[in-house]
Amino acid sequence: AQSVTQLDSQVPVFEEAPVELRCNYSSSVSVYLFWYVQYPNQGLQLLLKYLSGSTLVKGINGFEAEFNKSQTSFHLRKPSVHISDTAEYFCAVSDGTGAGSYQLTFGKGTKLSVIP
Amino acid sequence: GAGVSQSPRYKVAKRGQDVALRCDPISGHVSLFWYQQALGQGPEFLTYFQNEAQLDKSGLPSDRFFAERPEGSVSTLKIQRTQQEDSAVYLCASSLRGGTNTGELFFGEGSRLTVL
């Protein structure tokens, strides 16, 4: 079974500073990787995904993530955060092959707080 | 509406009561998922439907949990004889295609269940 570790439960950062939210997953032959964002009182929304190809993936709102197979990581980055980025961010993985690939396994989430 | 709709948004139940949570997926979406999100945790998979067929119910915690999607659109998650440990946010998600999850899951805002 897959597992996902988000190393930081809370990350405070000043507005316009860069941020990195860390995510590690358990190794598998092939994986699909996702970052979802949950704004207060809203449903989860897909930020970006890695299925194959280029290891640097760009998403919405200026976020990007890099797939590192050797380190089994998929860290999320943004060079300059805004107040509106305050939200909870979830890393998720699914098996890239086989019948179980529809099932997402989520990390526990990282709460990003942007300080004015 | 254009998104996934869940009702009720909030439900308070006394221990031992039965509850039913409804999910209206995006029209035409083949796949429907239920996830459970306990406080401070990431969403955990409960069950998966492809059209009206329940292809995976391996995540349902006990036989008190039952889900259906009889006509391949609206789904209901029923919890019988609720217990305090059932308190959580229940998330519904849908996606356009069935099978491999390479696409985007669209999540509802969730139904928050509190069992007293």
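Among the listed pairs B:Lys11/B:Lys57; A:Lys49/A:Lys108; A:Lys69/B:Lys78; A:Lys78/B:Lys57; A:Lys69/B:Lys57, those with a Cα-Cα distance over 29 Å are A:Lys69/B:Lys78; A:Lys78/B:Lys57; A:Lys69/B:Lys57. Ranked from largest, the principal axis spans of the Cα set of chain A equal 45, 28, 22 Å. Normalising the average separation of contacting C-alpha pairs (under 8 angstrom, six or more residues apart) by the number of residues puts the relative contact order of chain B at 37 percent.
Within the accessible area of region A:4-115, what % is carbon and sulfur when the probe is 1.4 Å and the other protein chains stay in place?
Roughly 50 percent, rounded to a whole number.
Neighbours of A:Ser26 by Cβ distance under 14 Å: Lys/Arg scored +1, Asp/Glu scored -1, total 0.
If I build a Gaussian network model for chain A, linking alpha-carbon pairs within less than 10 angstrom, which residue out of A:Leu33, A:Leu44, A:Leu21 has the largest mean-square fluctuation? Sorting by GNM fluctuation, first place goes to A:Leu44. Between A:Arg77 and A:Ser113, the modelled label-to-label distance comes to 2.6 nm, taking each label 7 Å out from Cα in the direction of the beta carbon.
A simple count of charges around B:Val12, restricted to other residues whose Cβ falls under 14 Å of its Cβ and scoring Lys, Arg +1 and Asp, Glu -1, yields +3. Under conditions of 10 °C and 1.306 mPa s, chain B yields 113 µm² s⁻¹ as its translational diffusion coefficient, taking Rh as the Kirkwood radius over Cα pairs in the Stokes-Einstein equation. With K and R counted +1 and D and E -1, the other residues having a Cβ less than 14 Å from that of A:Glu66 yield a net charge of +4. Dimensions of the protein assembly as shown along the principal axes, based on C-alpha atoms and rounded to the nearest Å, stand at 48, 40, 33, largest first. Structure remark: mean-square fluctuation, Gaussian network model of chain A, C-alpha springs under 10 Å; the largest value among A:Gln103, A:Gln42, A:Gln71 belongs to A:Gln42. Using R₀ = 30 Å, calculate the FRET efficiency as 1/(1 + (r/R₀)^6) where r is the Cβ-Cβ separation of A:Ser52 and A:Ser9; round to 0.05. According to the calculation, E is roughly 0.50. Computed over the alpha carbons of region B:1-54, Rg followed by Dmax gives 13.1, 36 Å.
The values are calculated or read from the model by the stated rules, or taken from the named source; none is laboratory data. Remember, predicted model here, so these are calculated numbers, not experimental data. Note that we place each Cβ from the backbone using ideal geometry, even for glycine, and neighbour counts take in every protein chain shown. Quick note on the areas: whole protein, heavy atoms, side chains included, nothing else; ligands and nucleic acids left out. Shrake-Rupley method; radii C 1.70, N 1.55, O 1.52, S 1.80 Å.
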